[in-house]
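The values are calculated or read from the model by the stated rules, or taken from the named source; none is laboratory data. In this text the structure is predicted, and so the values were computed from the model without any measurement. Here the Cβ positions follow ideal geometry from the backbone for every residue, glycine too, while neighbour counts run over all protein chains shown. Ligands, DNA and RNA are stripped out before the accessible areas are found, and what is left, the full protein with its side chains, is counted by its heavy atoms. Shrake-Rupley method; radii C 1.70, N 1.55, O 1.52, S 1.80 Å.
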Amino acid sequence: MSKLTELTVADAISGLRKKEFSAVELTEDHINAVKDSQELNAYVVKTFDLARQRSILSDKKISSGEAGLLEGIPIAVKDLFCTKGVHSSACSKVLDGFQPPYESTVTQKLWDSGAVMLGKANMDEFAMGSSNSTSCYGPAINPWTPKETGEQRVPGGSSGGSAVAVAARAALAATGTDTGGSIRQPASFCGVVGLKPTYGRCSRWGIIAFASSLDQAGPITRSVKDAALMLNVMAGFDSKDSTSLDKNVPDYVKDLDQGVKGLRIGVPEEYRIDGMLPEITALWEQGIEWFKNAGGEIKEISLPHTKYALPTYYIIAPAEASSNLARYDGVRFGLRETGDDLIDMYSKSRAKGFGEEVKRRVMIGTYVLSAGYYDAYYLKAQRVRSRIAKDFKDAFNDVDVILTPTAPTGAFAVGEKTDDPISMYLNDVFTVPASLAGLPGISIPSGLSPEGMPLGLQLIGRPFDEVTILSAGRFLETAADFNCLPSDNIGRKKL
Ligand code: GLN
């Protein structure tokens, strides 16, 4: 039998049920994998004792026939999810020491289904970033390295630690959140599958808020089927989140193999951006070919407002962030500095607690919401956002899914764009439009760049049509036959 850490979630579930191994063994092997991959800095909090206890319970449940859907499956949880009694800080100093007295709805659903938490995954501070380098715990490192140089690469962000844990076989799956690409882009950089569900599909309750009209939880996994299995548990209405939709949750696994014959695949011309890397163009063309050869119908489409998506996002997201982050004042949570008076205490706590990128967003957000600028920036951005959503709505009259690259490049070097926020923001060019429109998107590992780094293709679907992007994703995954393992030249044990 292959190493337990190599299994997919689906195979692990079946092995556990057949008693080929126990949940305790599966958990222990993953704990060892977490320890062995320490230098990747994927985990910022480790909950091994909890995991061990939980896995003993899982074995009992499996034996007594009471196993939940994900019984005994060891996973990583992005540090943005509040986990009861377990340090949750969104990788920000401002929340240092915060142990939530409650559990987020999505993680509660996972525990109710029997999943086992290995720990909290590293991420960009408050989910702001595309490289996991704004974390107060330091960057997470991509387990993939270019074959020639072995240079350390970023895992993408903001759910970088989650993608690293899954790619490095230090978790069978992980939760992530995606506001403008934070599940899909790190999945693309790390050669794993990342699914951002429709806005409102998974509850946001108990997830530390970044930009509330965009934030959405989703899974990062090593196969499309695993993403479907995770979504089966994570999705669903929650009365505690007024934007979660009371809509039936289908079985996302059931129709995975329906194929793509007759499926209409849209290819948006506006995503052919200037200066696109040849390997990205080639991968996209290859994806189109695969669909065509399997009986898919390729249609050129136009999403005319695409070029405004990035500036629109970088007004709306900071605006909402500046409001959401006002609660970190040193009084209620985490870090508190002493000051001469209340205002002084607020500003000193915030000045010390927030990192540079977070401060930048709070300032931009406050500016675009301020009297005199609100109409010119925030309101205008909201109007453009509706246009972007309408582009997609119109396109979906003619097509069933949209195929694009996930990111304009593969993983870049650690530290490379840190001092250049604009070039960092450009990473999100292909992911942000679907976020603004609230649509589901999935990144499928589909090829390698010339230097040997993973590249993903993105499928975007109609609202609440995760079923179609999952089955198209399943097709893509099979066509790409992407089964490469990260290389081993950064001193860690052989995977
Ligand atoms: N990279 C984007 C940003 O920094 C997206 C982040 C996210 O999706 N959480 O805002």
Just wondering, is there one or more residues in segment 242-254 that are among the polar types (S, T, N, Q), open to solvent by less than 30 Å² (accessible area, probe 1.4 Å) and either at pLDDT below 95 or in contact with a Pro (Cβ under 8 Å, 6 or more places away or on another chain) (or both)?
no
Would you check which residues across segment 336-350 are outside any loop (DSSP other than H, G, I, E, B) and without any contact (Cβ under 8 Å) to a residue 12 or more places away in the chain and list them?
Leu342, Ile343, Asp344, Ser347
Among the residues of segment 1-21, the number that are part of a loop (DSSP other than H, G, I, E, B) and closer than 14 Å to Val166 by Cα is 2
Test for Val106: is it more than 16 Å from the ligand (Cβ to nearest atom), open to solvent by less than 10 Å² (accessible area, probe 1.4 Å) and not hydroxyl-bearing (Ser, Thr, Tyr):
no
Among Leu57, Leu50, the single one that is among the hydrophobic types (A, V, I, L, M, F, W, C), under 30 Å from Ser131 (Cβ atoms) and open to solvent by 30 Å² or more (accessible area, probe 1.4 Å) is Leu50
Counting only residues that are within 11 Å of Trp205 (Cβ to Cβ) and touching a helix residue (DSSP H, G or I) at 6+ places or on another chain (Cβ under 6 Å), how many does segment 225-254 have?
1
Helices (runs of 4 or more DSSP H) wholly in segment 125-240 with at least 1 residues that are at pLDDT below 95 - which ones?
none
For Lys352, indicate whether it is surrounded by fewer than 20 Cβ atoms within 10 Å (Cβ to Cβ) and over 30 Å from Thr468 (Cβ atoms).
yes
Give me a count of the residues in segment 277-303 that are out of contact with any helix residue (DSSP H, G or I) (no Cβ under 6 Å at 6 or more places or on another chain), surrounded by 15 or more Cβ atoms within 10 Å (Cβ to Cβ) and in a loop (DSSP other than H, G, I, E, B).
3
Scanning for something open to solvent by 40 Å² or more (accessible area, probe 1.4 Å), touching a Ser or Thr at 6+ places or on another chain (Cβ under 8 Å) and away from the ligand (no atom under 16 Å from the Cβ), does segment 111-131 turn up at least one residue?
no
I'm trying to understand the selection: among the residues of segment 392-439, which are outside any loop (DSSP other than H, G, I, E, B) and touching a Ser or Thr at 6+ places or on another chain (Cβ under 7 Å)?
Val401, Met424, Asn427, Asp428, Pro433, Ser435, Leu436
When you check Ser423 against the structure, is it surrounded by fewer than 19 Cβ atoms within 10 Å (Cβ to Cβ), free of Cβ contacts under 8 Å to residues at least 24 places away in the same chain and within 30 Å of Gly355 (Cβ to Cβ), yes or no?
yes
For segment 292-313, which residues satisfy the criterion of being among the β-branched types (Val, Ile, Thr) and over 21 Å from Leu426 (Cα atoms)?
Ile298, Ile301
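Table: residues versus (1) touching a strand residue (DSSP E or B) at 6+ places or on another chain (Cβ under 8 Å); (2) within 16 Å of the ligand (Cβ to nearest atom); (3) touching a residue at least 40 places away in the same chain (Cβ under 8 Å).
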residue: Glu300; (1), (2), (3): yes, no, no
residue: Leu310; (1), (2), (3): no, yes, yes
residue: Leu325; (1), (2), (3): no, yes, yes
residue: Gly334; (1), (2), (3): no, no, yes
Out of the residues in segment 381-396 that are without any contact (Cβ under 8 Å) to a residue 60 or more places away in the chain and over 13 Å from Leu303 (Cβ atoms), which is most open to solvent (accessible area, probe 1.4 Å)?
Arg383
Criterion: within 12 Å of the ligand (Cβ to nearest atom), aliphatic (A, V, I, L, M) and crowded, with 24+ Cβ neighbours inside 10 Å - qualifying residue of Ile207, Ile220
Ile207
Given the structure, is Gly65 open to solvent by 10 Å² or more (accessible area, probe 1.4 Å), among the small types (Gly, Ala, Ser), within 16 Å of the ligand (Cβ to nearest atom) and at pLDDT 95 or above?
no
Within segment 143-163, which residues are more than 16 Å from the ligand (Cβ to nearest atom), of a type outside the set (Asp, Glu) and at negative phi?
Pro143, Trp144, Thr145, Pro146, Lys147, Thr149, Gln152, Arg153
Among the residues of segment 360-373, how many are in a helix (DSSP H, G or I) and surrounded by fewer than 14 Cβ atoms within 10 Å (Cβ to Cβ)?
1
